[in-house]
Each structure stands twice: as structure tokens, then as C-alpha cells.
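Note sheet for the following structure.
The values are calculated or read from the model by the stated rules, or taken from the named source; none is laboratory data. Computed from a predicted model, the values in this text were never measured in an experiment. Using ideal geometry, Cβ is built from the backbone for each residue, glycine included, and neighbour counts are taken over all protein chains shown. Surface accessibility is based on the protein's heavy atoms, side chains included, excluding ligands, DNA and RNA. Shrake-Rupley method; radii C 1.70, N 1.55, O 1.52, S 1.80 Å.
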Amino acid sequence: MPHQVVNACQEPPDDSRKRKSIVALEEEPGRVDCLVKLGGAAITVKDREETLEESVLQATAQQVAAASSQCRLVVVHGAGSFGHFHASRSKVAGGWMHNAEEVMSGFVATRLSVAKLNQVV
């Protein structure tokens, strides 16, 4: 199934509303108009540990960049193959009762792996 990008930062239908939205952007520092979440399964190869879907990420980055000129947005992302392999391997989902040392090690490995993805995204 192809991934769909939705532009939530569409132009207002008339010019007066556009001017108002530009003024609002200038007057409200810190305001966010749009949250963009890049799914981990969309930007990574789900069945290959720590592997990016580089063409998808590149195309998505271009679309997000274009949208960012129209509104203030924040980009977040899932972990995909950067986090789930480590979390699964160390049984993080089982919680502390399973094996506290293994789970703690899994938290660290997961965090380090996702930090690598953060650097790229």
C-alpha cells in the first residue's frame, strides 16, 4: 500500500484570511499549526534492522519542507526498524517483572538506536 502525504497547511480561500494567518504567525511565537508524524514503518525497512527507506524519507522531507513555508509545523517520527528490533529482542514489552536487567539493557539499546534515526530525520 502506498503511503499518503496529506497537506494540512492549505492556503485559506481568500486573501484577507491569508493576511490574518500571516499576522497570527508573527504575533504568536511558539504556536504550532500542524503536527506531522512520519510513521516508522514508512521511513524504515521494517524487516531489516536499522535500515532507512531513503527514497521515501527524501520525498517526504521535500513535501514537509514545502509545507513548512505555509505554516508552523513540528515533525515527529516512529522508531520503525531502529527501535523495534532492540525492544523485541530484550522483551521490553514484558516489563520489569520479566527480567529487570535485560529490560533495562533493552531500553538503553532501543534509545541508542532511535537516536541514530533522529540524526537522519
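Okay, residues lined up against (1) farther than 14 Å from K46 by Cβ; (2) without any contact (Cβ under 8 Å) to a residue 12 or more places away in the chain:
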site: A79; (1), (2): no, no
site: M97; (1), (2): yes, yes
site: G106; (1), (2): yes, no
site: A109; (1), (2): yes, no
site: K116; (1), (2): yes, no
site: V120; (1), (2): yes, no
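Can you tell me which residue is most open to solvent (accessible area, probe 1.4 Å) among those in the stretch 59-80 that are touching a Lys or Arg at 6+ places or on another chain (Cβ under 8 Å) and of a type outside the set (A, V, I, L, M, F, W, C)?
Here the answer is R72.
So is V108 in contact with a Gly (Cβ under 8 Å, 6 or more places away or on another chain) and aliphatic (A, V, I, L, M) or not?
The answer is no for V108.
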